[in-house]
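Below is one structure, written out as structure tokens, with a few remarks after it.
The values are calculated or read from the model by the stated rules, or taken from the named source; none is laboratory data. These numbers were taken from a predicted model, which means no experiment stands behind them. Cβ placement follows ideal geometry from the backbone for every residue including glycine, while neighbour counts extend to all protein chains displayed. Surface areas here come from the heavy atoms of the whole protein model, side chains and all, with no ligands, DNA or RNA. Shrake-Rupley method; radii C 1.70, N 1.55, O 1.52, S 1.80 Å.
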Amino acid sequence: QVQLVESGGGLVQPGGSLELSCTASRSIFSIPVMGWYRQAPGKERELVARFLPGGSTNYADSVKGRFTISRDNAKNTVYLQMNSLKSEDTAVYYCHAFVGGMAYWGKGTLVTVSS
């Protein structure tokens, strides 16, 4: 079992930056898939960025070039650096892990992009 705790959300102006963190309750070294999803009001949850087996990454087209996912295995933490934020990035951001045939989710952290 894995518990995931997100932090770093908040209110930011358009064009600004935020970094989200997701800390797991166990070593993330052996978690093959881990990353971030988001859900905007009235919309379905969507992939933002994730690590895949072997360490490769994939990103939603809407965030490519603006968001960067990274990890610190020693801290059991995955990060999402978000730059050039837009109003359409406003959403609850969820950390996700898939390991042992099970999917795990954090409770989410709210990101609001507004002037």
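Could you please give the count of residues in the range 86-111 that are assigned to a loop (DSSP other than H, G, I, E, B) and among the polar types (S, T, N, Q)? Walk me through it before giving the result.
Step one: list which residues in the range 86-111 are assigned to a loop (DSSP other than H, G, I, E, B), which gives 86, 90, 100-101, 106-108.
After this cut, where a residue has to be among the polar types (S, T, N, Q) as well, the list is 90.
Residues that pass the stated criteria total 1.
Evaluate the range 87-99: report whether one residue or more is out of contact with any helix residue (DSSP H, G or I) (no Cβ under 9 Å at 6 or more places or on another chain), among the charged types (D, E, K, R) and exposed (fewer than 13 other Cβ atoms within 10 Å of the Cβ).
Step one: of the range 87-99, the residues out of contact with any helix residue (DSSP H, G or I) (no Cβ under 9 Å at 6 or more places or on another chain) are 87, 90-99.
Imposing the further condition that a residue be among the charged types (D, E, K, R) reduces the set to none.
Taking every residue of the range 87-99 in turn, none turns out to be out of contact with any helix residue (DSSP H, G or I) (no Cβ under 9 Å at 6 or more places or on another chain), among the charged types (D, E, K, R) and exposed (fewer than 13 other Cβ atoms within 10 Å of the Cβ).
Residue under question is Glu19, and the condition is that it be in contact with a Phe, Trp or Tyr (Cβ under 8 Å, 6 or more places away or on another chain), at pLDDT 95 or above and open to solvent by 50 Å² or more (accessible area, probe 1.4 Å); does it hold? Lay out the reasoning, then the answer.
Working: in contact with a Phe, Trp or Tyr (Cβ under 8 Å, 6 or more places away or on another chain): yes; at pLDDT 95 or above: yes; open to solvent by 50 Å² or more (accessible area, probe 1.4 Å): yes.
Answer is yes for this residue.
Write out, first by first residue and then by second, each pair whose Cβ atoms fall under 6 Å of each other, whose residues are 6+ apart or on separate chains, and whose first residue, in the range 27-43, is in contact (Cβ under 8 Å) with a residue 24 or more places away in the chain while the second is of a type in the set (Phe, Trp, Tyr).
Val33/Phe98; Met34/Phe51; Gly35/Phe51; Trp36/Tyr93; Tyr37/Tyr94; Arg38/Tyr93
From Arg38, Arg71, which residue is over 26 Å from Ser115 (Cα atoms), buried (at least 16 other Cβ atoms within 10 Å of the Cβ) and out of contact with any Cys (no Cβ under 8 Å at 6 or more places or on another chain)?
Sole residue among the options that is over 26 Å from Ser115 (Cα atoms), buried (at least 16 other Cβ atoms within 10 Å of the Cβ) and out of contact with any Cys (no Cβ under 8 Å at 6 or more places or on another chain): Arg71.
What are the residues in the range 6-52 that are among the aliphatic types (A, V, I, L, M), closer than 18 Å to Phe98 by Cβ and under 11 Å from the mean Cα position of the chain (by Cα), if any?
Met34, Leu47, Val48, Ala49
Looking only at residues that are open to solvent by 40 Å² or more (accessible area, probe 1.4 Å) and more than 14 Å from the chain's Cα centre (by Cα) in the range 100-115, which one is nearest to Gln39 (Cα to Cα)?
Ranking the candidates gives Thr112 first.
Is there a residue in the range 76-85 that is free of Cβ contacts under 8 Å to residues at least 40 places away in the same chain and open to solvent by less than 70 Å² (accessible area, probe 1.4 Å)?
No.
Looking at the range 77-99 only, could you name the residues that are modelled with pLDDT of 95 or more and over 14 Å from the mean Cα position of the chain (by Cα)?
Ser84, Leu85, Lys86, Ser87, Glu88
If a residue counts only when it is of a type outside the set (Lys, Arg) and more than 18 Å from Thr109 (Cβ to Cβ), which strands (runs of 3 or more DSSP E) contained entirely in the range 1-72 have at least 3 such residues?
Strands (runs of 3 or more DSSP E) meeting the threshold: 57-59.
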